[in-house]
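What follows is a single structure, written as C-alpha cells, with notes after it.
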Amino acid sequence: MKKIKALTGNGAASEIMRQVNPDVVAAYPITPSTQIMEDFSQYLADGKVDTELIRVESEHSAISACVGASHAGARVMTATSSAGLAFMWEVLGVAAGLRTPMVMNVVNRTLSSPINIHCDHSDSMGARDLGWIQIYSENANEVYINNLIAIKLAEKINLPVMICQDGFITSHCVEGVDILEDKDVKKFIGEFKPKYSLLKDNIAIGNLALPDYFYEIKMQNVIAMEKAKKEFLRIDKEVNKLLKHETGYFEEYKLKDAKVVIVALSSTCGTVKSVINELRKKGKKVGLLKLRLFRPFPKEELKRVLGNKKIIVMDRSVSLGSDAPLYIEIKNATESKDIYSIIYGLGGRNIYEKEIKYIFERALNNKLKKLEYVGVRK
Amino acid sequence: MKLKNAREIEEGTVLKEGTSKKNKTGNWKTFEPVVDFDKCIHCMKCVMYCPDICIFQKNGKRGKNDLSMCKGCGICAQVCPANAIKMVKRK
C-alpha cells in the first residue's frame, strides 16, 4: 500500500530516514540539505525514531563517526551539501576503501568561490572518482525511490552510496511523493547484518597496505563496482514492484526514433521533457536520456542506446581547464563524433524552456558549436 | 611467502586476530646469523638481546636459530663474547 504525501526533496529524504530508523546518524547542517537533519531531529525528539544522533563539530567528523559506527555494526545514514561534501573528501575515500555500507543524501550545491548556496553539480562531480556509488534524482519522488534502492545496494555490495538531488530546485519544492507504509519499508530493507563488527569480533580494520597489497585492495573496489552495476538493476526492479517508476540505469524519453538527444542529470530533465513534448507536436524528432546511475557508469548500455544519434550533453558543472565531466563520460562511452557539450546553470542560474528549445533547434539545423555556454553573459 | 590476489583478500582491509603469528617477517633480511657451536660458550647473551625472539635456550644450552622472524639486525653477532656468530649474506 502506498500513499501520497506533499513533501520537498529534503522532506522525502528525511521521510525515508524516519522509516528506515537507522541505528546511527551523524551530520552537520549545511544549506540546502539542512532540512533533512532538521526534520530528522524533530522525529527523534518526537520519539518516532530511536536513532543515536551524533551532533558533531564538522562534516569531517560527521562522516568519520558514520564510518566508525558502520563498522561497529550500525546501519548508518547522513546528509550534506557542497562545502560539507568537500570537507568530507578525505574520509569519502576511506569509506569506500573500508567497504562501508552507508547512505548519504547529497543535495547538490556549488562550491566556493564566490560563495553561493544554489545548485550545480560541482560538489558531487568532484567526488565521482572516490569509489562511491552515485545516483541522481530528478524529483522528490525519485529521491525517495533512490534512497530505498541505495540502502539495499549499499548493504549488498558493501559500498557507500550517494543520492544526489538538485539544491533548492528539488530540495525545497513541494511535490506529491508516493510513500510506502512504514512496515513495507522495514520488510523491504530487512535487518542489517554486517559481516564483521568491531564490537563483537576480534578484528582490525583500516590497516596499512604497502605496495605489495594496496593495488589488490583497489582492485577489489573495481570488482565491487562491476557487481554494484548488476545489483542496481535487480534491486531497482524489486523497488518497482512496490513503487512504479522508470527503471534502469537511465530513463529513455521519446528516445527510440529521436535524431537529436539531450543527455542530462537531475531536475533539468523535467524541463527538457516539457520542451520535447512541444517540439514533438511540430514533428521534430527530439528525445532525452536522463542518466540515473552515474557511478558505476553504464558505458556499454549507453553506447547501445545512443548509437548514431546526435548527442547533446548538458553539464551543470564545469571542469576548469578541460571538458565537462558528463560530456567526457558520454563521449568516451559512445565514441561518437556527433556529440556536443552544453554548460549551463552554474551557481543556480536558471535554465529556461526557451534556452533548451534554442539548443534543440540549433542542433536540428546543424548550427550547434562543439562547446556552448548557455545562459551566461560573455 | 605467496601473496594473495584481489579475490582472496578479506574485503575492506579487515584483519582477523593473530596476524603476527601468521605473517612471517623473516624474509626482510639481507644478512642472516650463522652459529659456530664449537665456539659457543652458552652464555645466553644472544638469547636475551635478540629483539625478535629467534633464539631459544633449553636446560642451560643455547638452541638453534628460528629465523622465521629474524630481520638480520646482527645484534646477536655483536654481543657474542666468544665470536661464535657470523653474519652471512643470504643467497
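The values are calculated or read from the model by the stated rules, or taken from the named source; none is laboratory data. Remember, it's a predicted structure, so these values are computed and weren't measured experimentally. Cβ: placed from backbone, ideal geometry, glycine included. Neighbour counts: every protein chain shown.
In this structure, does A:C173 turn out to be touching a residue at least 40 places away in the same chain (Cβ under 8 Å), away from every other protein chain (no Cβ under 14 Å) and assigned to a strand (DSSP E or B)? So A:C173 fails the test. Every residue in segment A:299-318 that is among the polar types (S, T, N, Q) and modelled with pLDDT under 95, please. Within segment A:299-318, A:N308 is the sole residue that qualifies.
When the criteria are applied in full, A:L159 fails the requirement of being touching a strand residue (DSSP E or B) at 6+ places or on another chain (Cβ under 9 Å), closer than 27 Å to A:S266 by Cα and assigned to a helix (DSSP H, G or I).
Going residue by residue through segment A:100-110, is there one that turns out to be β-branched (V, I, T), within 14 Å of chain B (Cβ to nearest Cβ) and part of a helix (DSSP H, G or I)? Scanning segment A:100-110 turns up no residue that is β-branched (V, I, T), within 14 Å of chain B (Cβ to nearest Cβ) and part of a helix (DSSP H, G or I).
Out of curiosity, is A:E252 among the charged types (D, E, K, R) and either surrounded by 15 or more Cβ atoms within 10 Å (Cβ to Cβ) or out of contact with any Pro (no Cβ under 8 Å at 6 or more places or on another chain) (or both)? Yes: the conditions hold for A:E252. Among the residues that make up segment A:191-207, is at least one of them surrounded by 14 or more Cβ atoms within 10 Å (Cβ to Cβ) and away from chain B (no Cβ under 14 Å)? Scanning segment A:191-207 turns up at least one residue that is surrounded by 14 or more Cβ atoms within 10 Å (Cβ to Cβ) and away from chain B (no Cβ under 14 Å). Looking only at residues in segment A:264-274 that are part of a helix (DSSP H, G or I) and touching a strand residue (DSSP E or B) at 6+ places or on another chain (Cβ under 8 Å), the one that is nearest to A:H118 (Cα to Cα) is A:T268. Within segment A:343-356, can one find any residue that is at positive phi and at pLDDT below 95? Scanning segment A:343-356, I find no residue that is at positive phi and at pLDDT below 95, so the answer is no.
Please verify whether segment A:66-77 includes one or more residues that are of a type in the set (K, R) and within 14 Å of chain B (Cβ to nearest Cβ). Checked against the condition, which is being of a type in the set (K, R) and within 14 Å of chain B (Cβ to nearest Cβ), segment A:66-77 yields no hits at all. For segment A:125-147, does any single residue satisfy the condition of being in contact (Cβ under 8 Å) with a residue 60 or more places away in the chain, under 19 Å from A:A83 (Cβ atoms) and part of a helix (DSSP H, G or I)? Yes, segment A:125-147 has at least one match.
The condition (being of a type in the set (A, V, I, L, M), under 30 Å from A:E226 (Cβ atoms), loosely packed, with under 12 Cβ neighbours inside 10 Å and within 14 Å of chain A (Cβ to nearest Cβ)) is satisfied by just one residue among B:L3, B:L15: B:L3.
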